[in-house]
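K.L.:
Below you will find the structure I want to go over with you.
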Amino acid sequence: MRRTTTTISTETFELANFRWDNLGFDHVQTDYMYVMKCSNVGEFSEGELLPFGNIELSPSAGVLNYGQGLYEGLKAYRKEDGSILLFRPKENALRMRLGAERICMPSPTVEQFLKAVKHTVFANKRWVPPPGKGSLYIRPLLMGSGSVLGLAPAPEYTFLIYVSPVGNYFKEGLKSINLVVENEYHRAAPGGTGGVKCIGNYASVLKAQSKARANGYTDVLYLDSIHKRYLEEVSSCNVFVVKDRTISTPEIIGTILPGITRKSIIDVARKQGFQVKECRISVEEVFDADEVFCTGTAVVLSPVGSITYLGKRTSYNNNGIGVVSQQLYSFLTNLQKGVTEDTMGWTVPLN
Ligand SMILES: *Cc1c(COP(=O)(O)O)cnc(C)c1O
């Protein structure tokens, strides 16, 4: 049955010659990237599609010396009929504008961002995996590409988009992950840049992540840096705690990244009759939870099988998948893939 479906689908659109069954989350080179520059601070000129390849930067580029850079991440899915859907791309455009403001960069307008994303996906459309095999991950970057020696905003900026087909973030699809609460390192502090997707936030989590992985955990759960008591998020995902019919997630107060998946799950859960609270959640509350899960574009929704805090391990659903996690995951992924009707108005067809 499965084989028949694949055959029918691939006949209706052109696909790159690729082993689609083995997709993971490694970068796969595709045909084109999009590049747009802004020299006179303020406005970006017309962008262009270029063959995917290396870019040239001065050693004194702002991004290399002072980390003036942001990234975004979104996905495109292929429907059974061969057409392609983007998920909430405008949200990424708006978030990039907020991030750019925080680190003193000009940013593309929402219209420029959307047009660039569409052009890039269209040019690389043979790399959007067949239905059920994965998605096309879209990675917009914004960086200070101009030369600057003394600490100051760069005189020139480059907006670039590249794409890569990806499979499930975790091979088994919806698989539970094991988290360890980090007590020594923090990813963000009040007044810092934790609330925007600036590149510097990510190098700083590698050490705690490596330590966690060496000890057999999947990733780190961060606590707030003042009280060392309230949940913030995982290295690149937001976190939710389920107790009876109430779902809680840390409120957006500058130190956590306002995830688009987070925002979507909040709306989906409310629609399904759950009470959703955005509030302070102390680490003790996770001991008592029915389910914990993480959200992000890459994972969509990842159930947490266990959380270890100060050597004490709490497991959920025998390390399996809770019913609430499963229900929300299915609802959101079916909507993103165009399997069910998009009653929320979130998907954008590529045409
Ligand atoms: C990108 C990111 C998320 C998830 O955001 P989405 O918009 O859902 O992909 C959560 N936390 C951090 C730190 C992130 O960088």
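Where a number appears in this text, it was derived from the coordinates with a stated rule and is not lab data. Quick caveat: nothing in here was measured; it's all calculated off a predicted structure. Cβ atoms come from the backbone with ideal geometry, glycine included; neighbour counts cover every protein chain shown.
K.L.:
What ranking of C104, C279, C294 emerges when the number of other C-beta atoms within 10 Å of each C-beta is taken as an exposure proxy, fewest first?
P.N.:
Working: C104 13, C279 10, C294 27.
Lowest count first: C279, C104, C294.
K.L.:
Based on a Kirkwood Rh over C-alpha pairs, give the Stokes-Einstein translational diffusion coefficient of the stretch 177-336 at 37 °C and viscosity 0.692 mPa s in µm²/s.
P.N.:
The diffusion coefficient I find is 210 µm²/s.
K.L.:
At most 16 other C-beta atoms within 10 Å and a DSSP loop state: those are the exposed GluC sites (Glu not before Pro) I care about. Give me the longest piece of the chain that has none.
P.N.:
On the way: sites that count: E14, E43, E46, E56, E80, E172, E184, E251, E341.
Counting only loop sites that pass the neighbour cut-off, the longest clear stretch is 81-171.
K.L.:
Same structure again: Between D342 and K37, what length comes free when the chain is fully extended (0.36 nm per residue of separation minus the Cα-Cα distance, one decimal in nm)?
P.N.:
The span from D342 to K37 would gain 106.3 nm if fully extended.
K.L.:
Treat every Asp and Glu Cβ in the chain as -1 and every Lys and Arg Cβ as +1, leave all other atoms uncharged, and give the resulting dipole magnitude about the Cα centre to the nearest 20 debye.
P.N.:
Numbers: 38 positive and 34 negative charges, 92 e Å.
Charge dipole, the chain, about its Cα centre: 440 debye, nearest 20.
K.L.:
Rounded to the nearest 5, what is the percent of antiparallel bridges among the DSSP beta bridges in the chain?
P.N.:
80 percent
K.L.:
Out of the stretch 33-91, which trypsin sites (Lys or Arg not before Pro) are coil in DSSP terms and have no more than 13 other C-beta atoms within 10 Å?
P.N.:
Hits after loop and neighbour filter: nothing returned.
K.L.:
To make sure I understand the rule: partners must be aspartates and glutamates, Cα under 13 Å from the Cα of K337, and not fewer than 8 residues away in the same chain. Which ones qualify?
P.N.:
E80, D81
K.L.:
Let me ask something additional. Report the charge-dipole magnitude of the stretch 3-166 in Debye, nearest 20, computed about the Cα centre from +1 at each Lys and Arg Cβ and -1 at each Asp and Glu Cβ.
P.N.:
That gives a dipole near 460 debye.
K.L.:
I'd like to know which of P153, N17, V63 lies farthest towards the positive end of the charge dipole of the chain, counting +1 on Cβ of Lys and Arg and -1 on Cβ of Asp and Glu.
P.N.:
Projecting each Cα onto the dipole axis, the largest value belongs to N17.
K.L.:
How fast does the stretch 69-128 diffuse by Stokes-Einstein, in µm²/s, taking the Kirkwood radius from C-alpha pairs at 20 °C and 1.002 mPa s?
P.N.:
In µm²/s, the coefficient is 171.
K.L.:
By residue number, which cysteines of the chain lack any other Cys whose Cβ falls under 4.7 Å from their Cβ?
P.N.:
Cysteines of the chain left without a disulfide-compatible partner: C38, C104, C198, C279.
K.L.:
Calculate the spin-label point distance for Q327 paired with C104, positioning each point 7 Å from the Cα along the beta-carbon direction, and give it in nanometres.
P.N.:
Taking the simple label geometry, C104 and Q327 are separated by 5.0 nm.
K.L.:
Can you list the DSSP H helices in the chain whose Cα atoms extend at least 27 Å along the helix axis and whose mean Kyte-Doolittle hydropathy is -0.5 or higher?
P.N.:
Both cut-offs are met by no helix.
K.L.:
Work out the charge dipole of the chain with +1 on the Cβ of Lys and Arg and -1 on the Cβ of Asp and Glu about the Cα centre, then indicate which of G82, P51, A93 is farthest towards its positive end.
P.N.:
About the Cα centre, the residue reaching furthest to the positive side is G82.
K.L.:
Follow-up question, since we're still on this one. So what is Rg over Rh here for the chain, counting just Cα atoms and using Kirkwood for Rh?
P.N.:
0.97
K.L.:
K271: which lysines have alpha carbons under 16 Å from its alpha carbon, excluding same-chain residues fewer than 8 sequence positions away?
P.N.:
Those lysines meeting the cut-off are K263.
K.L.:
Another question, if that's okay. Sequence neighbours fewer than 8 away in the same chain don't count; with that in mind, list the aspartates and glutamates whose C-alpha is under 13 Å from K75.
P.N.:
Those aspartates and glutamates meeting the cut-off are E91.
K.L.:
Name the residue from T255, S306, P108 whose Cα lies farthest towards the positive end of the charge dipole of the chain, charges +1 on Cβ of Lys and Arg and -1 on Cβ of Asp and Glu.
P.N.:
Ranked along the dipole, the leading option is S306.
K.L.:
Sticking with this structure for a sec: Given R₀ = 41 Å, what would the calculated FRET efficiency be for N351 paired with S60, taking r from the Cβ atoms and rounding to 0.05?
P.N.:
After rounding to 0.05, the efficiency reads 0.45.
K.L.:
Turning to a different aspect of this structure: May I ask you to compute the full-extension gain from R213 to R19, defined as 0.36 nm times their residue separation minus their alpha-carbon distance, rounded to one decimal in nm?
P.N.:
The span from R213 to R19 would gain 67.0 nm if fully extended.
K.L.:
Further question on the same structure: Identify which of V117, V292, V324 has the largest mean-square fluctuation in a Gaussian network model of the chain, with springs joining Cα atoms closer than 10 Å.
P.N.:
Residue with maximal mean-square fluctuation among V117, V292, V324: V324.
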